[in-house]
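Have a look at the structure below before the remarks.
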Amino acid sequence: MISNHSDLVLAILSPFLSSISTIFQSQATKQIHPLVVTSIGSILGSFVLFLILLIRKRRLNLEKIKENRKTILIMTLLRPLLGQLILAYGLSLTTGIKAIFFTKSEPYFVLFWNWILKKEKIKQKHFILLFFHILGAVILSTGGKLMLNKPQIGDLLIITAMGLLSLSYFYGKTLVNNIGAQKSNAITLGIAGIFLFPFAFIFTSSPLHSQHQTGWLYLLIFVLLFNVVGLTFWFSSLRSVAPWIVSALRSIGPLIGAPVAYFVFGESLSFLQILGGIIVLLTSFFIAREHLNAR
């Protein structure tokens, strides 16, 4: 597959925005309920995107939406609904600086889904890389102290979310080519946000109220960085860039996300955790390179 230059640039920019937004999303979930962050965040993101489409006079093609309704439903379930909701709950329990490393487990899940959906064989060297990847993730999560506490449960939830989000690559490419990046993003975010909003009232007390006003500011920053811009860039990159390349490029996110977490919120990692994070990033890079070399 030949990648368009502009789409490749978007594939590079998307993980930077994603990692920074993850830091702010993590802070928002600690001050506002994760269910509220996911539902309100999706609704706000969808509203801004539809407003942009309206200003640019780009109308929705209802016939195309109807033709792609199954793919839209699957994408909504995998990414803005279940994927982002589980991620938000995970972020509420752990630190953002750890989360940006755990989100780089995507290439292994893409490998898994390729094995399930496309019957691609998994080589022995891939299992070896996976072993070291899991080892690095354990070191990053525990810092050498093995105990199942809230932060580690949060880490597991983030990894679970990556399994769902990685599956969306296979459907996102189809959707963006048929409907368009902004429209696909706006529609899926809107459906997820509207669906989750009533549950935010049922399962949380006063979901629109928070004693921490900064939490809403962090939510707004997350919405603009990720739901509006970063996720649209992700959809756009899938037009001509192979999903594996898009997934592999997400490994560069911590290069900017980690400094933001440290300098803005004072989050840091121990030496052992930094070592674990490096192992996670290196194994993600090598498994992605293995796949690309096989193409």
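The values are calculated or read from the model by the stated rules, or taken from the named source; none is laboratory data. Not measured: the values here are computed from a predicted model. Cβ placement follows ideal geometry from the backbone for every residue including glycine, while neighbour counts extend to all protein chains displayed.
Residues that are among the charged types (D, E, K, R) and either free of Cβ contacts under 8 Å to residues at least 24 places away in the same chain or not in a helix (DSSP H, G or I) (or both) within the range 8-65 comprise R56, K57, R58, R59, E63, listed in sequence order. Only one of the listed residues (F199, F222, F195) is closer than 27 Å to D7 by Cβ and either in contact (Cβ under 8 Å) with a residue 12 or more places away in the chain or touching an Asp or Glu at 6+ places or on another chain (Cβ under 7 Å) (or both). That residue is F222.
Among the residues of the range 135-165, the ones that are among the β-branched types (V, I, T) and more than 19 Å from the chain's Cα centre (by Cα) come to 3 in all. Between R239, R250, the distinction of being within 30 Å of T174 (Cα to Cα), part of a helix (DSSP H, G or I) and of a type in the set (D, E, K, R) belongs to R250 only. Restricting attention to the range 239-266, the residues that are of a type in the set (D, E, K, R) and either closer than 20 Å to I159 by Cα or touching a Phe, Trp or Tyr at 6+ places or on another chain (Cβ under 8 Å) (or both) add up to 1. Here is the figure for the range 76-91: residues that are under 14 Å from S168 (Cβ atoms) and either surrounded by fewer than 20 Cβ atoms within 10 Å (Cβ to Cβ) or in contact with a Gly (Cβ under 6 Å, 6 or more places away or on another chain) (or both) total 2. How about the range 253-275: which of its residues are over 21 Å from the mean Cα position of the chain (by Cα), surrounded by 14 or more Cβ atoms within 10 Å (Cβ to Cβ) and among the hydrophobic types (A, V, I, L, M, F, W, C)? L269, L272, I274, L275, listed by residue number. Within the range 258-277, the only residue that satisfies the criterion of being of a type in the set (G, A, S) and without any contact (Cβ under 8 Å) to a residue 40 or more places away in the chain is G266. Hey, does the range 216-230 have a residue that's at pLDDT 85 or above, in a helix (DSSP H, G or I), over 19 Å from the mean Cα position of the chain (by Cα) and over 20 Å from V9 (Cα atoms)? Yes; the residues of the range 216-230 include at least one that is at pLDDT 85 or above, in a helix (DSSP H, G or I), over 19 Å from the mean Cα position of the chain (by Cα) and over 20 Å from V9 (Cα atoms).
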